[in-house]
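J.: Okay, here's the structure, questions in a sec.
The values are calculated or read from the model by the stated rules, or taken from the named source; none is laboratory data. Remember, predicted model here, so these are calculated numbers, not experimental data. Using ideal geometry, Cβ is built from the backbone for each residue, glycine included, and neighbour counts are taken over all protein chains shown.
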Protein chains: 2
Amino acid sequence: MSTPTQLELTQRAEHLLREDAKKIEQLIAVQLDNLTAPKCPLYEEVLDTQMFGLSREIDFAVRAGLITREQGREIISELEQKLAHLYSLVLPSPTQG
Amino acid sequence: MSTPTQLELTQRAEHLLREDAKKIEQLIAVQLDNLTAPKCPLYEEVLDTQMFGLSREIDFAVRAGLITREQGREIISELEQKLAHLYSLVLPSPTQG
């Protein structure tokens, strides 16, 4: 069994984190399609839990030297933009409190 | 700046995970020292959140090829034993519902 190189480890780490971010995006898309009330507490709790889990993975990957802090911020930021876009398709007004 | 070797990356990963497990143990020890009701919902929520975060870090480290599934299970199992010991010092009877 060959051991992975340092480059393979860092590339795999970033790939995995982007996959996990994609999974959250898909989960939220399914929820928004199926829930009649996207503002309900259960929906927000699922999102909070998933975002917390991803942020812990990213923080660990940064500390472990697999990705840079900047790469980590980028993954979160891109996910947030995609979620904001999904919201904008469902919610009538983004300024609505 | 020298890039870390593959061995350094895997060793650092395991060290970080054990540190994170230690932090949860210390957090729970402080809580048990200070809370009059260790069975209160807030206490259990903090523990659940922390254990979830650690399990996500470990799962990521396994998938990224940094530690084995077995090493991951060992870190969680050792932490659970330490928490059970902390509980046993505070709660009068382990069989008490």
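J.: From B:P4, B:P41, grab the single residue that is at pLDDT below 95 and farther than 24 Å from A:F52 by Cα.
T.: B:P4
J.: If you scan region A:1-30, which residues turn out to be within 15 Å of the chain's Cα centre (by Cα) and polar (S, T, N, Q)?
T.: Selection gives A:Q26 alone.
J.: Specify the residue that is nearest to B:I58 (Cα to Cα); the eligible residues are those in region B:1-33 that are polar (S, T, N, Q) and buried (at least 16 other Cβ atoms within 10 Å of the Cβ).
T.: B:T10
J.: Further, regarding this structure: All but one of (1) closer than 30 Å to B:Q6 by Cα; (2) at pLDDT 95 or above hold for A:Q81; which doesn't?
T.: So A:Q81 meets the others, but not (1).
J.: Identify the single condition in (1) within 14 Å of chain A (Cβ to nearest Cβ); (2) over 30 Å from A:L7 (Cα atoms) that B:I67 does not satisfy, given that it satisfies every other one.
T.: (2)
J.: Something else now. Can you tell me which residues in region B:44-56 are under 18 Å from B:Q26 (Cα atoms), within 9 Å of chain A (Cβ to nearest Cβ) and surrounded by 16 or more Cβ atoms within 10 Å (Cβ to Cβ)?
T.: B:G53, B:L54 - these are the residues of region B:44-56 that are under 18 Å from B:Q26 (Cα atoms), within 9 Å of chain A (Cβ to nearest Cβ) and surrounded by 16 or more Cβ atoms within 10 Å (Cβ to Cβ).
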